[in-house]
1. Could you work out the local net charge near residue 19, counting Lys and Arg as +1, Asp and Glu as -1, over the other residues with Cβ closer than 13 Å to its Cβ?
2. For segment 33-123, build the charge dipole from Cβ charges (+1 Lys, Arg; -1 Asp, Glu) around the Cα centre, then report which of 66, 120, 83 sits farthest towards its positive end.
3. Pull up the cross-link candidates among the lysines for residue 39, meaning alpha carbon to alpha carbon under 25 Å and not fewer than 8 places away within one chain.
4. Shape verdict for segment 2-69, please, from the Cα gyration tensor: rounded (a/c under 1.5), prolate (a/b greater than b/c) or oblate.
5. Taking the Cα centre of the chain as the origin, how large is its charge dipole in debye, to the nearest 20, when only Lys and Arg (+1) and Asp and Glu (-1) carry charge on their Cβ atoms?
6. Could you line up 20, 51, 29 from fewest to most neighbouring Cβ atoms inside 10 Å?
7. Pick the calculated Rg and Dmax of the Cα atoms in Å for this structure from (i) 40.6, 122; (ii) 14.9, 50; (iii) 14.1, 44?
8. Net charge within 9 Å of residue 53 by Cβ-Cβ distance, Lys/Arg positive one each and Asp/Glu negative one each, not counting residue 53 itself?
Amino acid sequence: MYKQIFEKKNGNPILLEERFDEISMVAVFDYDKEIYTDKKPSSDLYQPIQFDNDLNDWVGSSFDEWIETNKPRTPYNPEKVELQLAQTQMQLAKTAMQLQKSQKEIASIVIELSKKDERIKILEQQQANTLLEIAKLKGEN
């Protein structure tokens with residue numbers, strides 16, 4: 001069996017499952033009575049809602065109070081300077097991203113050039129070895 005209890009700080013409902021006490025042979029519901037209550041909040045209360053231990057009752061806002069505190073806010077209209085600042089920041093961010101992309105491309109090109117330079121050195125060494133072999137062969141004749 002289940003019992004519905006409520007958090008005293010906000011009225012949130014919780015379902016509690018019974019526990020069978022083998023000593024007394026009775027089903028019991030264990031919960032912290034400092035944090036929870038089994039008294040249901042009145043349906044005419046609105047957030048914020050809480051349980052008042054002194055009154056032993058729920059307190060909260062009336063519908064009119066709730067409407068007053070939850071009025072829709074008027075949309076914020078930024079001033080011209082704020083809009084210009086935001087546009088400048090957006091352009092700066094785009095420029096920074098383009099710079100980052102360019103730096104990556106340059107790094108990639110430098111790596112590729114160093115690989116080609118290494119291949120050229122290897123080919124030059126092979127060419128020098130070939131010319132040396134040709135010179136040796138001519139010298140033997």
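The numbers here are math on the coordinates, done by the rules we state, and not lab data. Note that the coordinates shown come from a computational prediction; the quantities given were computed from them, not determined experimentally. All Cβ positions, even for glycine, are placed from backbone atoms using ideal geometry, and neighbour counts span all protein chains on display.
1. Numbers: positive: 3; negative: 17, 18, 21, 22, 30.
Residues close to residue 19 contribute a combined charge of -4.
2. Checked the options; the winner is 120.
3. Within the straight-line limit of under 25 Å, residue 39 reaches these lysines: 3, 8, 9.
4. Numbers: a/c = 3.91, a/b = 2.83, b/c = 1.38.
It is prolate, given that a/c is not under 1.5 and a/b is the larger ratio.
5. Values: 19 positive and 25 negative charges, 314 e Å.
Around 1500 debye, computed over the chain.
6. The order, fewest Cβ neighbours first, is 20, 29, 51.
7. Recomputing Rg and Dmax of the Cα atoms in Å here picks out (i).
8. On the way: positive: 8; negative: 34, 52, 54.
My count for the surroundings of residue 53 gives -2.
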